[in-house]
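All of the numbers you see were taken from the coordinates with simple rules; none came from a lab. Owing to the predicted nature of the structure, the values given are computational and were not obtained by experimental measurement. Please note: Cβ atoms are built from the backbone with ideal geometry, for glycine as well, and neighbour counts cover all protein chains shown.
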Amino acid sequence: MSRLDPELRERCINTLRFLAVDAIEKARSGHPGMAMGAATAAFVVWHDFLCLDPARPDWPGRDRFILSGGHASALLYALIHSAGLGLGIEDLQSFRQWHSRTPGHPEVGLTPGVETTSGPLGQGFANGVGMGLAARMLGARLGPEGEALCRHRIFALVSDGDIQEGISHEAASLAGHLGLGNLVYIYDSNRITIEGSTDLSMSEDVGRRFEALGWFVQRVDGHDADAVHDAVARACEEKARPSFIVSSSHIGYGSPKQDTAACHGEPLGPAAVAETRRALGWPAEPFFVPEEVRAVWRRWAERGRGAREQWERTAERFAASHPELAARLLAMQSPELPDDLLAELVAAVEGKAGATRALSGKVIQRAAELVPALVGGSADLAPSTKTRIDREGDAAAASMGGRNLHFGVREHAMAAIANGIALHGPFRPYVGTFLVFSDYMRPAIRLAAFMERPVTFVLTHDSFFVGEDGPTHQPVEHLWSLRLVPGLAVWRPADAVEVAVAWAAALETDGKPHVLALSRQELPALARPAGFDPRVILRGAYVLSEVDRGEADVTLVGTGSEVSLAIDAAGLLAGRGVRARVVSMPCVGAFLAADDGYRESVLPREVPTVAIEAGVTEPWRSLVGRRGLVIGLDTFGFSAPAETLRQKLGFTPDQVAARIEGWLAAARSGAGPT
Ligand SMILES: Cc1ncc(C[n+]2csc(CCOP(=O)(O)OP(=O)(O)O)c2C)c(N)n1
Ligand SMILES: [Mg+2]
């Protein structure tokens with residue numbers, strides 16, 4: 001914590017401002033307004049408080065800084081450059097260009113010093129809550145001495161848009177409830193958004209709202225660096241509540257466009273830039289960094305290095321005095337899993353029939369024993385999603401040692417908080433709700449995929465077989481809609497063995513989120529050939545029952561609850577002289593990624609193919625071909641008992657067999673598909 005001489009400090013702040021402005025001018029694209037208005041607060045947070053070691057940007061004890069209003073990325077890149085975290089001037093000069101490390105919005109993994117991918121407003125806010133939660137949970141596991149290793153803070157700079165988005169309300173409510181005193185959020189309240197003044201759409205007192213949510217709230221002039229410093233210092237002192245600093249600022253500070261939406265999202269233009277330089281007394285040379293400013297940041301980096309070294313000494317002492325706890329910490333930090341994880345999980349449930357949600361619940365118990373980093377919870381649905389770790393307690397304000405999280409009915413925030421937990425490490429989070437409500441989490445699921453974070457989304461009640469709750473609770477388009485997200489593995493297991501393999505895939509794959517779509521209704525345990533290797537399931541699809549090559553009339557592909565239906569229909573077809581192979585396809589994406597030879601062995605081109613899944617049909621065309629048959633549901637569902645729906649919607653073995661028979665006959669007569 002060290003305050004600079006005011007004149008030098010102003011030069012540091014203006015350096016950030018103009019680096020951002022110049023990057024945006026050169027790119028002819030970007031958002032100068034917030035970058036200029038929030039530069040003071042951002043500088044004070046970084047220089048006076050943020051503890052980082054530029055030589056070790058992944059040091060686990062570092063403070064985290066989140067720019068939730070990711071559109072102000074130029075400001076973050078200017079900070080990262082100044083702080084020596086690994087961006088050169090040439091990176092700032094290629095802002096927003098092809099393959100640059102300075103993309104339009106910050107992307108974690110691409111740019112050193114970027115802690116999360118932000119831009120979809122509100123997400124970064126909620127990620128920070130997940131990071132704060134992870135730090136507290138880790139601290140609680142290390143005992144009073146080890147806890148000192150987890151005292152880092154989560155700083156976030158959030159904008160009007162972040163504050164307006166509902167996800168921030170959810171996340172703030174949970175953070176207040178949990179008393180996450182390690183959060184220090186600065187709200188850049190410039191009262192301008194894209195369409196103009198926030199008066200157009202918002203009239204509440206945001207500070208009072210956060211007070212009501214249990215936050216420690218302060219209000220400052222965001223251009224008074226001393227006031228910002230004092231507020232952040234008080235926020236850092238506050239241990240029991242998250243902190244929220246309403247920092248009133250002027251968007252586009254110092255420019256002729258100050259206080260107007262005109263400077264929100266486009267370059268100022270050369271004339272306005274020149275005028276701003278005159279107004280703030282800044283030299284004309286673009287990308288100018290005064291030597292004394294560089295020296296300030298060098299001293300800052302030294303402080304960070306010292307702090308990191310001290311942390312490492314503490315960690316060593318801790319390891320010596322508490323080898324067991326330290327070993328536990330280490331076990332969590334290295335993503336090492338037991339070699340036989342998959343076999344262990346399979347053994348936990350093999351041969352059992354049941355709803356796949358319930359089988360998943362059993363797998364979770366075993367996984368929790370084998371993977372200490374596994375933590376999870378649901379949006380108030382654990383009794384339905386079966387996501388509770390039975391022998392473990394809760395993570396709550398009073399004690400963060402438990403492994404069960406209660407997110408409340410807050411799916412948006414839950415998913416983004418899980419992303420934050422995964423970003424922070426060392427935990428492997430999972431979250432649960434009904435598949436139909438994945439829509440409430442979709443932005444965060446998408447970001448988990450984009451950020452390549454191993455979050456597991458346990459989504460139960462995966463079809464119209466939900467029954468009486470009716471169409472509002474019956475997913476139809478959701479499976480395919482999730483399969484369309486690049487980099488997201490969507491599993492819909494059919495029985496106990498597939499559930500176990502899906503969980504193993506989720507836990508064994510480090511850089512990928514997984515969806516497990518699970519049934520509410522009971523399903524039988526599938527019969528498999530003797531010597532069947534469950535690892536085959538990892539290929540996404542496999543043959544469950546074969547017919548001699550050249551003899552097959554049709555291949556039936558099922559997923560989840562429709563695999564046993566396919567088997568029953570195949571049995572009926574056999575009685576009518578139709579030889580059907582049956583394929584289970586729990587993960588379409590994994591199957592599509594398999595080699596051609598394997599795919600051909602599972603779905604031979606010359607055999608007509610039928611896909612059966614209780615959901616929309618059209619996307620299955622990519623697998624069954626234009627002339628293939630898809631048995632699914634292209635309307636919303638209905639409120640009625642599941643068995644009635646099975647009949648009415650054509651999902652009995654009889655109905656399925658009859659449709660396939662008719663379709664094959666039509667094909668033979670030339671009237672239909674071949
Ligand atoms: C979820 C989401 N909706 C919309 C946008 C598009 N958008 C970018 S910035 C912004 C609002 C700008 O207001 P504010 O957050 O106050 O930023 P400032 O104008 O002060 O820079 C919007 C609507 C977005 N990035 N994310
Ligand atoms: Mg604003």
* To do: Just rank Glu211, Glu551, fewest to most, by other beta-carbon atoms within 10 angstrom.
  => Glu551, Glu211
* Asked: All other residues with a Cβ under 11 Å from the Cβ of Leu544 taken together, and with Lys, Arg as +1 and Asp, Glu as -1, what is their net charge?
  -> -1
* **In sequence order, calculated HN-Hα J values of region 76-87 (Karplus, 6.51, -1.76, 1.60; Hz; x Gly/Pro)** => 5, 5, 5, 5, 5, 4, 4, 6, x, 7, x, 9
* To do: Please work out the Cα center distance from region 493-525 to region 607-643, rounded to the nearest Å.
  => 21
* Asked: With θ set to phi - 60° and the Karplus curve 6.51 cos²θ - 1.76 cosθ + 1.60, what are the ³J(HN,Hα) couplings of region 323-330 in order, to the nearest whole Hz, using x for Gly and Pro?
  -> x, 5, 5, 5, 5, 5, 4, 5
* Whole-angstrom gap from region 39-68 to region 352-425, using each part's C-alpha centre -> 30
* Structure fact -> For region 157-171, Karplus-derived ³J(HN,Hα) couplings (6.51, -1.76, 1.60; θ = phi - 60°; whole Hz; x for glycine and proline) come out as 10, 10, 10, 3, x, 4, 6, 6, 4, x, 4, 6, 5, 4, 5
* Structure fact -> Taking 448-454, 485-491, 305-311, 38-44 and ranking on average Cβ neighbours within 10 Å, highest first, one gets 38-44, 448-454, 485-491, 305-311
* Can you give me the relative contact order of region 540-668 as a percent, contacts being Cα pairs under 8 Å and 6 or more apart? -> 27
* Over its Cα atoms, what ratio of radius of gyration to 2.2 N^0.38 Å does region 565-645 give? -> 1.23
* **Within the chain, helix-based [θ] at 222 nm, where runs of 4 or more DSSP H residues each add -39,500 (n - 2.57), nearest 500** => -13000 deg cm²/dmol
* Radius of gyration and maximum dimension Dmax of region 6-305, Cα, Å -> 18.0, 59
* Rounded, prolate or oblate (a/c below 1.5 giving rounded, otherwise prolate when a/b exceeds b/c) for region 523-609 by Cα gyration tensor -> oblate
* Proximal charge balance of Val656 [Cβ under 13 Å; K/R count +1, D/E count -1] -> -2
* Report relative contact order for region 341-523 in percent, whole number only (criteria: Cα-Cα under 8 Å, sequence separation at least 6). => 28
* Structure fact -> Interchain or sequence-distant (5+) residues whose placed amide H lies within less than 5 Å of the amide H of Val583 are Leu544, Leu556, Val557, Gly558
* region 411-458: projected area of the alpha-carbon convex hull, averaged over directions, in nm² -> 2.7
* About the Cα centre of region 371-468, how large is the charge dipole given +1 on each Lys and Arg Cβ and -1 on each Asp and Glu Cβ? Please answer in debye to the nearest 20. => 280
* Structure fact -> Per the C-alpha gyration tensor (a ≥ b ≥ c, the square roots of its eigenvalues), region 341-523 is rounded if a/c is under 1.5, else prolate if a/b beats b/c, else oblate; here it's rounded
* Structure fact -> Here the percent of antiparallel bridges among DSSP beta bridges lying wholly in the chain, to the nearest 5, is 10
* Structure fact -> Excluding residues fewer than 8 positions from Lys352 in its own chain, the lysines with Cα under 17 Å of it are Lys362, Lys386
* Asked: Dipole of the chain, Cα-centred, from +1 at each Lys and Arg C-beta and -1 at each Asp and Glu C-beta, to the nearest 20 debye?
  -> 420
* To do: Can you tell me which of 373-384, 555-566, 169-180 comes out highest on packing, and rank the rest after it, using the mean Cβ neighbours within 10 Å?
  => 555-566, 169-180, 373-384
* Asked: Which net charge results when you count Lys and Arg as +1 and Asp and Glu as -1 among the other residues whose beta-carbon is under 13 Å from that of Pro429?
  -> +3
* Asked: Ranked from highest to lowest mean number of other Cβ atoms within 10 Å per residue, what is the order of the peptides 352-362, 120-130?
  -> 120-130, 352-362
* If the cut-off is a Cα-Cα distance under 14 Å, which aspartates and glutamates reach Lys257, setting aside same-chain residues fewer than 8 apart in sequence? -> Glu266, Glu275
* **Mean Cα-pair separation over length for the chain, i.e. relative contact order, pairs under 8 Å, 6 or more apart, %** => 12
